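See below for the structure under consideration.
The values are calculated or read from the model by the stated rules, or taken from the named source; none is laboratory data. What you are looking at is a predicted structure, and each value in this text was computed from that prediction instead of being measured. Positions of Cβ are generated from backbone atoms using ideal geometry, with glycine treated the same way; all protein chains shown enter the neighbour counts. These accessible areas exclude ligands, DNA and RNA; they are computed on the full protein's heavy atoms, side chains included. Shrake-Rupley method; radii C 1.70, N 1.55, O 1.52, S 1.80 Å.
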Amino acid sequence: MFSKFERMIAFRYLRSSRQEGFISVIAWFSFIGIALGVATLIIVMSVMNGFRQELLQRIIGMNGHIAINAIGRPFEDFDKALKTVQRVAGVVQVYPEIDRQAMLMFRAQARGVQVHGMRPDDLKKREFIRNNVIDGSLDQFGVFEHDGIKTETIAIGVSLASKTGISVGDRVSLMSPEGTSSAFGTLPRQKSFLVAAIFKAGVYQYDSAVVFMPLESAQSFFRLGAGITNLEVFVDNPDRVGHRSFQIQSALGPDFQLFDWQNSNNTLFQAVEVERNVMFIILTLIILIAAFNILSSLIMLVKDKTRDIAIMRTMGASQKSMMRIFFLTGSTLGLVGTVLGLTLGLTFALNIEHIRQALQSLTGTNLFNEEIYFLTQLPCKIDPFDVIVTVITALILTFLSTLYPSWRAARLDPVEALRQ
């Protein structure tokens, strides 16, 4: 596409001389601007993708894909409904669950918690919980009886344990918001449990407020008899949860109400998606500004090289040759800047958590508060599609910015240029 002569002249114009020092400075700033714009865009988009993926995995890991509730009656026939749901195509697992609020008390401390009552075997099947137990064991989770003494154990989140000073083996009390009627009025219902395990889900709102309790104990504590509050359903493809919900609803009939993870967390994920799109548009402006710098530097270069262009034209260089020379000069800045930005962006994104830890050690400040961002570490997921879109956008903007100066150089009249 480019002849040896065109490449030689284009690369000669990229090297600064005393006469073109100012033009060269603008060109270098344009090069750095494109590199920083591409790198920043890749880093930010990777972090936004990481946020969405981590939130999705952890929210689904704790709550399941679909929750099934009975309408207007106690959910006591859950075994029949469970077997019906299991026969639906695409359903992987179904668990009965009790989901209620309570007050946890330990050594004069009280905190509101969300109690999830589950069968011990069902909780052990939840890989997200089983693989994140940091103290104790789920083997000790359940209801045990020895020498006529009944022991009921629970599992709590790591943030809840650290804030209250609870350790595995401690005995805590749970108080139900529904009291017990007596001759002295309504008294709060309270029961003690032994802490068998401490887990770390990685989402602050779960680690600080979730308590897992054996289903049998939860039924007794919340006075549900043989009933539950809902069934938790896991399907094969979380992104097609709407289709699976329709199939399950058709199988169960109108006596049940279904809530999937998309409906329950729709506002959160929409906010993340909107923020992601807005950040892409804003950061693309950095590349656009750098492209305008290339445009201005090439216009000044054409103006400065008017005599050179006229001489080359009189020696036989064509208009197309002139256009290719200045196009190659500007596009080289954009191409090399994009490659450098791509390298910097990928390197930074792959090591972003280590960089954050190093900056926190140097500054002594918390750069990623888990109470605000829900996650315990800075997530990052490099999406090849986003990287390709970023690179193509940068190249298109820089290539477009070279067209007008190149056209001006090609349209220059050599006779008029030499006369002036």
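Straight-line reach from LYS305: which lysines have Cα under 19 Å away, leaving out those fewer than 8 places along the same chain?
LYS320
Quick one: of the DSSP bridges fully inside the chain, what percent are antiparallel, nearest 5?
80
Over the chain, what is the relative contact order in percent, taking alpha-carbon pairs closer than 8 angstrom and at least six residues apart?
29
Kirkwood-based Rg over Rh for the stretch 256-298 (C-alpha set), two decimals?
Result for the stretch 256-298 is an Rg/Rh of 1.46.
Rg/Rh for the stretch 293-352 to two decimals, with Rh computed the Kirkwood way over all alpha-carbon pairs.
1.23
Out of GLY169, LEU340, ASN69, whose Cα points farthest toward the positive end of the dipole of the chain (charges: +1 Lys, Arg; -1 Asp, Glu; placed on Cβ)?
LEU340
Please compute the per residue accessible area over the chain with all protein chains in place, 1.4 Å probe, rounded to a whole number of Å². Could the numbers behind the result be given before it?
Values: 21640 Å² over 420 residues.
Averaged over the residues of the chain, the accessible area is 52 Å².
Any idea what the relative contact order of the stretch 66-130 is, in percent, if you count C-alpha pairs under 8 Å spaced at least 6 apart?
Reported relative contact order: 20 percent.
Please state the relative contact order of the stretch 219-332 as a whole percent: Cα pairs under 8 Å, 6+ residues apart?
14
Just order 128-138, 82-92 by mean Cβ neighbour count inside 10 Å, highest at the front, would you?
With the highest mean Cβ count within 10 Å placed first, the list reads 128-138, 82-92.
In sequence order, what are the phi-derived ³J(HN,Hα) couplings for the stretch 225-238 according to the Karplus relation 6.51 cos²θ - 1.76 cosθ + 1.60 with θ = phi - 60°, rounded to whole Hz, with x for glycine and proline?
Karplus-based 3J(HN,Hα) across the stretch 225-238 equals x, 9, x, 9, 9, 6, 9, 9, 10, 10, 10, 6, 10, x Hz.
Roughly speaking, what is the stretch gain from GLN249 to ARG7, that is 0.36 nm per residue apart minus the C-alpha to C-alpha distance, in nm to one decimal?
Here the segment from GLN249 to ARG7 would lengthen by 80.4 nm.
Residues of the stretch 135-154 with backbone nitrogen within less than 19 Å of a virtual label 7 Å along the Cα-to-Cβ line of ASP121, please, listed as ranges.
Residues 138-145, 153 fall inside that zone.
Report the per residue volume, in Å³, of the convex hull enclosing the C-alpha atoms of the stretch 195-270.
159
Which of the peptides 70-77, 407-414 is most tightly packed, and how do the rest follow, judged by the mean count of other Cβ atoms within 10 Å per residue?
Descending mean neighbour count gives 407-414, 70-77.
Which value, in debye to the nearest 20, gives the size of the charge dipole of the chain about its Cα centre, when Lys and Arg are +1 and Asp and Glu are -1 at the Cβ? Present the calculation step by step, with values, prior to reporting the outcome.
Values: 40 positive and 36 negative charges, 402 e Å.
With only Lys, Arg, Asp and Glu charged at Cβ, the dipole is about 1940 debye.
With all protein chains present, how much of the accessible area of the chain (probe radius 1.4 Å) comes from carbon and sulfur, to the nearest whole percent? Write out the running numbers ahead of the final one.
Details: 12590 of 21640 Å².
Carbon and sulfur atoms account for 58 percent of the accessible area of the chain.
On a 23 Å Cα-Cα criterion, which of the cross-link pairs LYS125/LYS163; LYS124/LYS150; LYS150/LYS191 come out too long?
Over 23 Å apart, Cα to Cα: LYS125/LYS163.
So what is the orientation-averaged projected area of the stretch 88-245, using the convex hull of its C-alpha atoms, in nm²?
Mean orientational projected area (the stretch 88-245, Cα hull): 11.3 nm².
Can you give the percent of C-alpha pairs in the chain whose distance is more than 26 Å?
Here the tail beyond 26 Å accounts for 67 percent of pairs.
Could you list which residues have their amide H under 5 Å from that of ASP99, counting only those 5 or more apart in sequence or on another chain, with H placed in the peptide plane?
GLY117, THR229, ASN230
Given the -39500 (n - 2.57) contribution per DSSP H run of 4+ residues, what per-residue ellipticity at 222 nm results for the chain, rounded to the nearest 500 deg cm²/dmol? Numbers along the way, then the final one.
Details: 17 runs with 236 residues, N = 420.
After summing the helix terms and dividing by the residues of the chain, the value is -18000 deg cm²/dmol.
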